[in-house]
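Just so you know, all these numbers are worked out from the coordinates, no wet-lab data involved. Treat the numbers as computed from the prediction; the structure is a model and nothing was measured. For neighbour counting, all protein chains shown are included, and Cβ atoms are generated from backbone atoms with ideal geometry for every residue, glycine included.
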Amino acid sequence: MDLREPVSWAPGMWVLADVRPAAWVETALARTARSGTVAAMVPPVVPAYARVLPPTYGPEEAETRHRWPEIAAHTGVALTAGTRFDDLVAGSDRWGRPSDGGLDAQGTAVLAGVLAGFTGTPEEAYFCLWEGFGLEETQAWQDRPMRVRTPDRAYHLLTGPVSAAPVLPTPVEWWCASLWWPADRAWLVATEIDGYLTYVGGSRAAVDAVLAAPEIDAVAVAPSSPLDPSYG
């Protein structure tokens with residue numbers, strides 16, 4: 001078995017036989033994965049954290065997406081570390097819902113573009129893709145014994161440049177990598193498979209850049225901030 005094989009449907013990505021680059025994530029999340037806080041998704045090993053607020057979507061593909069600040073302006077709900085989606089929309093279905101499974105390709109590209117400037121290894125990053133998606137694209141990997149394992153999930157480990165992050169949700173709509181980080185571990189992005197939650201942990205400068213990016217809606221959080229139980 002080759003140590004790395006190119007992923008034909010994800011240009012720039014390689015699937016790895018050696019999952020040791022993810023050992024630090026496995027060890028860190030083993031301590032916090034069931035805490036019900038941000039630390040359950042991003043290990044408390046970096047100085048700063050942000051919660052990314054993905055746009056909502058309706059049942060039709062062409063239906064207008066809505067950004068959280070737009071919704072908040074209508075409902076009068078402040079966007080804070082603890083704002084829950086159900087509280088934001090106050091029971092209304094007018095706004096649709098964020099997508100389950102992660103950021104879409106556009107959102108992932110914007111986030112990757114911001115974070116690429118805050119790592120010394122932008123050409124070498126790692127991406128954990130959940131084995132349980134049941135995707136036709138990953139069926140060939142089912143007999144590979146190598147997995148990144150956290151208390152509740154197992155993942156295939158891929159590698160590629162930070163700029164390749166959007167290629168995962170491009171052929172596999174909405175399903176981005178659940179965990180991804182550069183080789184120097186300068187930051188980490190985590191997305192909940194069964195919900196819309198995405199968090200970023202990294203240096204203060206990296207997180208400030210995410211918070212300031214006009215194409216990203218995000219709020220600052222702490223490792224102890226509770227996760228949004230609205231759905232997922």
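Considering only Val189, Val221, Val210, give the residue with the highest GNM mean-square fluctuation for the chain, with springs between Cα atoms whenever their separation is below 10 Å. Ranking Val189, Val221, Val210 by mean-square fluctuation puts Val221 first. Around the Cα centre of the chain, unit charges on the Cβ atoms of Lys, Arg, Asp and Glu (plus for the first two, minus for the last two) sum to a dipole of about 800 debye.
Each peptide among 10-20, 121-131 gets the average number of other Cβ atoms lying within 10 Å of its residues, and from highest to lowest they stand as 121-131, 10-20. How far is the Cα center of segment 168-218 from the Cα center of segment 105-166, in Å? Between the Cα centres of segment 168-218 and segment 105-166 lies a distance of 11 Å.
Between Leu3 and Arg144, full extension at 0.36 nm per residue minus the direct alpha carbon distance yields a gain of 49.6 nm. Starting from segment 135-190, pick out the GluC sites (Glu not before Pro) whose DSSP state is loop and whose Cβ has at most 14 other Cβ atoms within 10 Å. Sparse-neighbourhood loop GluC sites (Glu not before Pro): Glu173.
In the chain, helices alone account for a calculated mean residue ellipticity at 222 nm of -5000 deg cm²/dmol, with every DSSP H run of four or more residues adding -39,500 (n - 2.57). Take every Cα pair under 8 Å whose residues are at least 6 apart in sequence, average their separation, divide by the length of the chain, and the relative contact order is 33 percent. In this label model, Ala212 and Glu123 are separated by 2.8 nm, measuring between points 7 Å along each Cα→Cβ vector. Just how many % of Cα pairs in segment 1-70 lie over 14 Å apart, if you round to the nearest whole percent? Across segment 1-70, Cα pairs with separations above 14 Å total 75 percent.
Applying both filters, DSSP loop and at most 16 other Cβ atoms within 10 Å, to the trypsin sites (Lys or Arg not before Pro) of segment 12-119 gives Arg34, Arg65, Arg67, Arg84, Arg94.
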